[in-house]
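Data first, discussion second: the structure below is written as structure tokens.
Here, each number is a calculation from the coordinates, and none is a lab measurement. Note that the structure is predicted; figures quoted are calculated from it, not measured. Please note: Cβ atoms are built from the backbone with ideal geometry, for glycine as well, and neighbour counts cover all protein chains shown.
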Amino acid sequence: MVRALTGIQPSGPPHIGNLKGMVEPAVELQESTEPFYFIASYHAMTTLKDPELFRQYQLEAAATFLAFGLDPKRAALFRQQDIPEVCELSWILGTHINLGILERAHAFKSAKDKGKEINLGTFSYPVLMAADILLYDTNLVPVGKDQKQHVEMAKDFAAGFNHRYGEEIFVIPEPVIRPEVATVPGVDGQKMSKSYGNTLGVFTPPKQLRKRVMKVVTDSKEMADPKDPDSCNVFALYGLFATKDEQAELADRYRAGGMGYGHAKQALFEVMDRALAEPRERYLELMDKPEQIEDVLEEGAAKARSVALQTMERVRSATGLGARR
Ligand code: TYM
């Protein structure tokens, strides 16, 4: 069976970029793969140091997968920290990786350019991510475009390791990136990201969500002017939620002129609310019963750990960490 694996950092409430770029494609993959999806707590720890918020965001991330239809009977949904072998593998991989490669990682470079605090975890982030992927014999990694480089690194690390110690050790993973949602724009037109403060929350209550949608930046064309749907953020976001007919209709209204951006934003809010209302209800029910989420996570961890232990057996034995038998 093909195994799909992906993770989300519990570093803030999930946003539309996470939903369209990863959660929805990942949930769809449960039809054709064995899904291993997890909450990347150790990764989030590189930036988040508030224990209460941290716990809350871990639950929110888990509830998001479930609210959008992940079936815990088919999938292993777990917390990264419940499989301690991931740290062991991360260390072992790290002893085979040159600093130069990690210095070229986008996330590190952008943190450095912005003068952000860079701790050891930020620097070795791609190594831990490779350990996440390789520990579970992953074939497919559904992600948004911003994670492509990290998955490519995991492939390279795996190939290098296999070359040195034996081709049967790691499965070589492949990223799965849907072109139409590879980079979802935020309210300011840049990539939607928790760290840019430009997100539209998946579970933001409707009134607040509408206010946020009204903040999406547009050009300054007047109501009467014809407008270009293809260069408009509002239209790009609309396309993520509207049917093909609705998109064609709104595109015509853009080109005809006589429609202000306020109308387009209202239309965007309506299609978003239509799509999010039901999952929001399921999400609120789940968040009301955190013990149910905990049960799912515990079961997921048991399933994931049994695979992790087998991988570590191969790694330990191949590298000489394991006892001679
Ligand atoms: P994270 O938590 O930043 O994001 C979770 C997923 O959401 C996708 N995403 C987007 N997709 C399209 N447009 C956007 N604006 C957008 N913003 C976020 C991300 O690409 C990601 O797929 N390092 C990972 C977590 C991780 C992981 C892993 C993923 C840790 N280990 C192993 C896969 C495999 C991260 O920070 O994702």
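Give, to the nearest whole percent, the P(r) tail of the range 57-122 beyond 19 angstrom, counting all Cα pairs. Tail of P(r) above 19 Å: 58 percent of Cα pairs.
Close amide-amide hydrogen proximity is noted between residue 15 and 202, each under 5 Å apart and 5 or more residues distant or on a separate chain (H modeled in the peptide plane; Pro and chain starts excluded).
Note on residue 71/residue 96: beta-carbon distance plugged into 1/(1 + (r/R0)^6) with R0 of 41 Å gives a FRET efficiency of 0.65. Within a Cβ distance under 13 Å of residue 254, other residues only, what is the Lys/Arg minus Asp/Glu net charge? Net of charged neighbours comes to -2. The 3J(HN,Hα) values that the Karplus relation (6.51, -1.76, 1.60; θ = phi - 60°) gives for the range 78-89 are, in residue order, 8, 8, 3, 6, 7, 10, x, 4, 5, 6, 5, 5 Hz. Gly and Pro appear as x.
What net charge is computed for the residues neighbouring residue 32, neighbours being all others with C-beta under 15 Å from the C-beta of residue 32, Lys and Arg scored +1, Asp and Glu -1? That sum, taken over residues with Cβ under 15 Å, equals -3.
Out of all DSSP beta bridges in the chain, what portion is antiparallel? Express it as a percent rounded to 5.
On the way: 2 of 16 bridges.
Once the DSSP bridges in the chain are tallied, antiparallel ones form about 10 percent.
Each Lys or Arg adds one and each Asp or Glu subtracts one; over the other residues with Cβ under 15 Å from the Cβ of residue 169, this totals -3. On full extension, the segment bounded by residue 152 and residue 249 gains 31.0 nm, given 0.36 nm per residue less the C-alpha separation.
Once C-alpha pairs closer than 8 Å and six or more residues apart are averaged by separation and normalised to the residue number of the range 1-110, the relative contact order reads 31 percent. In order along the range 266-275, the phi-based Karplus estimate (6.51 cos²θ - 1.76 cosθ + 1.60, θ = phi - 60°) of 3J(HN,Hα) comes to 4, 4, 4, 4, 5, 5, 5, 4, 4, 6 Hz; Gly and Pro are listed as x. The magnitude of the dipole of the range 203-284, with charges of +1 and -1 set on the Cβ of Lys/Arg and Asp/Glu and taken from the Cα centre, is near 440 debye. Couplings for the range 11-16, taken from phi via the Karplus curve 6.51 cos²θ - 1.76 cosθ + 1.60 with θ = phi - 60°, read 9, x, x, x, 10, 4 Hz in order; Gly and Pro are left as x.
Quickly estimate the mean residue ellipticity at 222 nm for the chain, helices only: each DSSP H run with n ≥ 4 gives -39500 (n - 2.57), and the total goes over all residues, rounded to 500.
Working: 14 runs with 170 residues, N = 325.
-16500 deg cm²/dmol, from helical runs alone.
Near the amide H of residue 34, within less than 5 Å, lie the amide hydrogens of 2, 3, 4, all on another chain or at least 5 residues away, with H placed in the peptide plane.
When Rg and the Kirkwood radius Rh are both evaluated on Cα atoms of the range 203-284, their ratio Rg/Rh stands at 1.00. Residues whose amide H falls under 5 Å from that of residue 47, counting only those 5 or more places apart or on a different chain, are absent, with hydrogens built in the peptide plane.
Peptide packing for 4-12, 39-47 was compared via the average number of neighbouring C-beta atoms within 10 Å per residue; ordered from the highest value, the list is 4-12, 39-47. If you run the Gaussian network model on the chain, springs between alpha carbon atoms under 10 Å, then out of 213, 143, 23 the most flexible one is 213.
Using mean Cβ contacts within 10 Å as the protection proxy, how do 125-136, 286-297 order, highest first? Don't jump to the answer; show the numbers that get you there.
Working: 125-136: 25.8, 286-297: 14.9.
Answer by packing, highest mean first, reads 125-136, 286-297.
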